[in-house]
Amino acid sequence: MTNSTSSPRALHAFFGGTFDPIHYGHLKPLESLAIEIGIKRVILLPNFVPPHRIPPQASALQRLNMVELAITENPLFTVDDRELYYTIPSYTINTLKALRAEPDTLMSPIAFIIGQDSLLTLYKWHDWDSFLDLCHLLVLARPGYYPHFKRPDLQQWLESHRITNAMLLRQKLHGYIYLAHTPELNISSTEIRKRHHNRLKYDHLLPCAVHRYIELHGLYY
Ligand code: ATP
């Protein structure tokens, strides 16, 4: 009989983001994470309008198009556009519940990947303290952010779920936090939008197909 701590299983990894636009600060650390923990697939989940963020500048379709252009030649990535069809603001917890109930992932570990900055503000996300009942959290390093909460209860939450052996991610369906040793790239969508607006060079910060799309569609002026 199988139990929740027995044999290794496929780890389904999801990475949510506004992707306004997608950039190398998303893609390169994910490629490195895939090697670090041995996964062959990362599913990108573009957000609709995250309730805790200001609205994106590009439309949902434009953000999706840019994600698709960014990953066409990289078999590591696929995109799941379900959140873009929601008619009300999408909460990550609802997506995680839906993923957990699907046949592919029902009995498999799910990893939800976030950047270090997002880990520090996760407590502001809707129903955040239920996340670990549904998935593991994998955290990408990000320049200027460290895994230290000012609030002792949050630090305690981190320490009590944190693992350092990535193999454990396959032995339970959910419940662990893994801080990855991914490269720190000082790139953000905000910086790209600002650079473009100020007519500064930004093509080295994202895939060239995404750069071309931004120029062609006159985004971020
Ligand atoms: P913005 O500048 O508009 O806030 P962003 O660059 O942070 O955008 P998002 O699409 O909002 O990008 O981020 C999606 C996820 O990617 C978040 O979990 C975020 O922490 C993570 N992330 C974004 N940029 C980096 C980076 N350079 N290194 C590591 N993680 C990143």
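The values are calculated or read from the model by the stated rules, or taken from the named source; none is laboratory data. As the structure is a prediction and not an experimental result, all values here were calculated from the model. Positions of Cβ are backbone-derived with ideal geometry, glycine not excepted, and every protein chain shown enters the neighbour counts.
Kindly evaluate Pro8 against the criterion of being modelled with pLDDT under 95, within 9 Å of the ligand (Cβ to nearest atom) and of a type outside the set (Phe, Trp, Tyr).
Numbers: modelled with pLDDT under 95: yes; within 9 Å of the ligand (Cβ to nearest atom): no; of a type outside the set (Phe, Trp, Tyr): yes.
No: the conditions fail for Pro8.
Looking at (1) closer than 22 Å to Thr95 by Cα; (2) at pLDDT below 95, which is the only condition His197 fails?
Unmet condition: (1).
Quick check on my filter: what residues within segment 173-203 are in contact (Cβ under 8 Å) with a residue 40 or more places away in the chain and over 15 Å from Arg142 (Cα atoms)?
Passing the criteria: Leu173, His174, Gly175, Tyr176, Ile177, Ile192, Arg193.
Looking at (1) touching a helix residue (DSSP H, G or I) at 6+ places or on another chain (Cβ under 6 Å); (2) at pLDDT 90 or above; (3) farther than 22 Å from His217 by Cα, find the lone condition where Leu33 falls short.
Looking at each condition in turn, Leu33 falls short on (1).
Restricting to segment 23-50, what's the tally of residues that are within 18 Å of Pro207 (Cβ to Cβ), touching a residue at least 60 places away in the same chain (Cβ under 8 Å) and charged (D, E, K, R)?
Of the residues in segment 23-50, 1 are within 18 Å of Pro207 (Cβ to Cβ), touching a residue at least 60 places away in the same chain (Cβ under 8 Å) and charged (D, E, K, R).
Checking Gln171 against (1) closer than 17 Å to Gly38 by Cα; (2) surrounded by 15 or more Cβ atoms within 10 Å (Cβ to Cβ); (3) within 16 Å of the ligand (Cβ to nearest atom), only one condition comes out false. Which one?
In the conditions (1) closer than 17 Å to Gly38 by Cα; (2) surrounded by 15 or more Cβ atoms within 10 Å (Cβ to Cβ); (3) within 16 Å of the ligand (Cβ to nearest atom), Gln171 misses (3) alone.
For segment 75-89, how many residues meet the condition of being more than 14 Å from the ligand (Cβ to nearest atom) and touching an Asp or Glu at 6+ places or on another chain (Cβ under 8 Å)?
The qualifying residues number 1.
Pick from segment 175-212 the residues that are on the phi < 0 side of the Ramachandran plot and away from the ligand (no atom under 16 Å from the Cβ): which of them is surrounded by the fewest Cβ atoms within 10 Å (Cβ to Cβ)?
Going through the qualifying residues, I end up with Lys201.
Provide a single number: the residues in segment 123-160 that are in a helix (DSSP H, G or I) and either surrounded by 15 or more Cβ atoms within 10 Å (Cβ to Cβ) or near the ligand (Cβ under 10 Å from one of its atoms) (or both).
6
Does any residue of segment 43-57 turn out to be at pLDDT 95 or above, more than 11 Å from the ligand (Cβ to nearest atom), buried (at least 19 other Cβ atoms within 10 Å of the Cβ) and part of a strand (DSSP E or B)?
No: zero hits.
Going through segment 79-96 one residue at a time, which ones are part of a loop (DSSP other than H, G, I, E, B) and buried (at least 19 other Cβ atoms within 10 Å of the Cβ)? Steps first, answer last, please.
Looking only at segment 79-96, we keep the residues that are part of a loop (DSSP other than H, G, I, E, B), and these are 80-81, 86-91.
Of everything in segment 79-96, those that are part of a loop (DSSP other than H, G, I, E, B) and buried (at least 19 other Cβ atoms within 10 Å of the Cβ) turn out to be Ser90, Tyr91.
Of Leu106, Leu99, Leu120, which residue is hydrophobic (A, V, I, L, M, F, W, C), away from the ligand (no atom under 16 Å from the Cβ) and crowded, with 19+ Cβ neighbours inside 10 Å?
Working: Leu106 fails: crowded, with 19+ Cβ neighbours inside 10 Å; Leu120 fails: away from the ligand (no atom under 16 Å from the Cβ).
Only one candidate passes the filter, namely Leu99.
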